[in-house]
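Quick notes on the structure that follows.
Rule-based calculations on the coordinates, nothing more; no lab input. Remember, predicted model here, so these are calculated numbers, not experimental data. For neighbour counting, all protein chains shown are included, and Cβ atoms are generated from backbone atoms with ideal geometry for every residue, glycine included.
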Amino acid sequence: MEIYVGNLAYATTDDGLKAAFAQYGEVTAVRVVTDRMTGRSKGFGFVTMPDAAQAQAAIDALNGHELDGRTVRVNESQPKPREERGGFRGGRGGFGGGRGGFGGDRGPRRETRW
């Protein structure tokens, strides 16, 4: 069972999160989500526990309790359906919206002679 853990302290590490959940059973994977650019925690993570009863015990015990100075939210992770993204085929494309891209409405055109 995959478990969502929210409102994590920025200092919480994978090892710290694993230690908190390991008290309730076997933990097979832990991931504190980090920002790609800064490497700083985004304040949430995921824990995977193979036994559903142990996972539920961990959820019940840790939800609303303090971890590294923050009151965490813990519940079963609900996978979100992937959204269809626009791209080469279908969708808006990538050049700025429905007005043809590059600059929007610039007013009436003037005739120029070279």
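Observations, loosely collected:
- If the condition is being under 15 Å from M1 (Cβ atoms) and of a type in the set (K, R), then the range 19-66 contributes only R31.
- Beta carbons closer than 6 Å, at least 6 apart along the sequence or on distinct chains, pair a first residue in the range 67-81 that is under 17 Å from L8 (Cβ atoms) with a second that is in a loop (DSSP other than H, G, I, E, B) and aliphatic (A, V, I, L, M) for D68/A9; D68/A11; G69/A9; R70/A9.
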